[in-house]
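Trainee: I'd like to ask some things about the structure below.
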Amino acid sequence: MKKIRTQILRIGIYVGKKILNVIYFFMKICPVKNKVVMLSRQSNKPSIDFELIQNGILGRTTNVEIKILCKTLKKDIKERIKYCFYILKCMYHIATAKVCILDSYSIPISILKHKKQLEIIQIWHASGATKEFGHQSLNKKEGRSTEIAKIMNMHKNYSHVMAPSKITGNFYSEAFQINKDKIFINGLPRIDYLLDKELGKEKVKSFYKEYPKFKNKETILYVPTFRKDKDCSEVFRNLIDSINFEKYNLIIKLHPLDKTEKMNEYVVSNKYNTFDLLKIADYIITDYSAVAFEASVLNKPLYFYVYDISEYIGTRGLNVDLIKEMNNCVSTNIKEIIKSIENNEYDYQELEKFKNKYMECETNNTEKLVDFIFKYLDKDANNEENKNDINESSKEKLNI
């Protein structure tokens, strides 16, 4: 029965791909615009990275059309039918764009045959890869099957992939099955957001106004990775029981897909994203989440609570040997981590080595990425950008 279902699925996907490519063939007849399209299936609204990229482009010229398309794929039948129409919308904008930026796997990008001049940039939705993913995790419990990956052309057609370091670039090369010469080193725009005190300043003020109790005590932020089909309620209770709340506040920031019973007392409004909370936190606890790389640039005590590391290596696989590289900041026992926080014992040298290895690009990431995008846009847009630069330079010389 399972073989029959798989065969039906395979045939259905094959026919669907053929139909979409026929439709796309006619869409490609439409004239190409000086347009950047950004695609994501991570959420239903633009990420902070997409917003910063958009602002960076529009800050240089208005001669570029920007289209941001974000939509998660749900299991509900009605929602899947709606998603099919959404894919058609994406296809039109991809067919008429010069540059396409995505932060996750995209069905239309991978399964369609695109114009040669279309530049497709995969920036990914994380600043690194502690855990294996994509082609690295095929046939593992939490990964895709080789068969599905092949049918869906998983991670095909990227012109370039962005990575925050050469080491991470090696991981991405394996995960996306792309040549290393197609990888360029640059951090996500969100790193600029984290390090710039002015960016997000109003949101931090708003947070303390909404949650005044966080002003008087140090804050511990717990950001666990998403665990498929696993309830982590007991893990949360162990963490809560280990903290002295007379001295510390606790925020638990769950992955949007996490279905673990919410500890409402320790969860704050979703209007404050992970990066806002990283700014607010005094101590950060995570596990295999890529948030560790982002947290490392803030030089705050960063801990890894890896209570299930043996199991996780078997079901998913790790790129980073946390026990070896962050030995003094890793534990399978949450009480040890809390004790280290209370005793103010932290190995900042270890953190510095970790940061230097995995986060080579700490500044001007948005600007560098926008520079890269402009290489593939219309010359008129580049000319306008250069004219703006000349005008700004003239103003500086005249002290305007």
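The values are calculated or read from the model by the stated rules, or taken from the named source; none is laboratory data. These numbers come from a predicted model, not from an experiment. Neighbour counts are summed over all protein chains in view; Cβ atoms, including those assigned to glycine, are modelled from backbone coordinates with ideal geometry. With ligands, DNA and RNA removed, areas are computed over all heavy atoms of the protein, side chains included. Shrake-Rupley method; radii C 1.70, N 1.55, O 1.52, S 1.80 Å.
Trainee: Highest mean first, how do 236-243, 198-205, 277-284 rank when packing is the count of other Cβ atoms within 10 Å averaged over residues?
Mentor: Top to bottom by mean Cβ count within 10 Å: 277-284, 236-243, 198-205.
Trainee: As a test of understanding, state the convex hull volume per residue of the stretch 340-381 from its alpha carbons, in Å³.
Mentor: Numbers: hull volume 3.7 nm³, N = 42.
Residue-normalised Cα hull volume stands at 88 Å³.
Trainee: On a straight-distance basis, which lysines could pair with Lys271 in a cross-link, Cα separation under 16 angstrom, same-chain partners fewer than 8 positions away excluded?
Mentor: Lys45, Lys201, Lys203, Lys205, Lys209, Lys253, Lys279
Trainee: For the stretch 13-62 and the stretch 119-139, compute the distance between their C-alpha centroids and round to whole Å.
Mentor: If you average the Cα positions of each part, the centres end up 19 Å apart.
Trainee: Determine, for each peptide in 219-227, 20-28, the mean count of other beta carbons within 10 angstrom over its residues, then list the peptides with the highest first.
Mentor: Sorting 219-227, 20-28 by mean packing, highest first, produces 219-227, 20-28.
Trainee: So what are the three principal axis dimensions of the stretch 233-344 from its Cα atoms, in whole Å, longest to shortest?
Mentor: Principal-axis extents of the stretch 233-344 (Cα, largest first): 34, 33, 29 Å.
Trainee: Hey, another quick one. Could you work out the pair-distance distribution P(r) of the stretch 311-365 from its alpha-carbon pairs, with 10 angstrom bin width and percents rounded to whole numbers?
Mentor: 19, 40, 32, 8
Trainee: So, one more: Can you give the log10 of the normalised intensity I(q)/I(0) at q = 0.09, 0.10, 0.11, 0.13 Å⁻¹, computed with Debye over equal Cα scatterers of the stretch 96-225?
Mentor: -0.38, -0.46, -0.54, -0.69
Trainee: Need one number: the % of Cα-Cα pairs in the chain sitting beyond the 38 Å mark.
Mentor: Working: 19989 of 79800 pairs.
The proportion of pairs with Cα distances above 38 Å equals 25 percent.
Trainee: Could I ask something else about it? Given a 1.4 angstrom probe, I'd like the percentage of the accessible area of the stretch 176-215 that is carbon and sulfur, rounded to a whole number.
Mentor: Reported share for carbon and sulfur atoms: 50 percent.
Trainee: Also: Taking each full run of DSSP H in the chain as one helix, which ones are at least 20 Å long along their axis (Cα atoms) and have mean Kyte-Doolittle hydropathy of at least -1.0? Working shown, then result.
Mentor: Working: long enough: 2-27 (37 Å, 0.57); 77-95 (27 Å, 0.34); 379-397 (27 Å, -2.60).
Passing helices, by number: 2-27, 77-95.
Trainee: Same structure again: Peptides 127-133, 103-109: what's the order by average Cβ count within 10 Å, highest mean first?
Mentor: Highest to lowest by the protection proxy: 127-133, 103-109.
Trainee: Once the Cα gyration tensor of the stretch 1-106 is found, what semi-axes does its equivalent ellipsoid get, as square roots of 5 times the eigenvalues, in whole Å, sorted largest first?
Mentor: Details: eigenvalues 187, 64, 19 Å².
For the stretch 1-106, the ellipsoid semi-axes come out as 31, 18, 10 Å.
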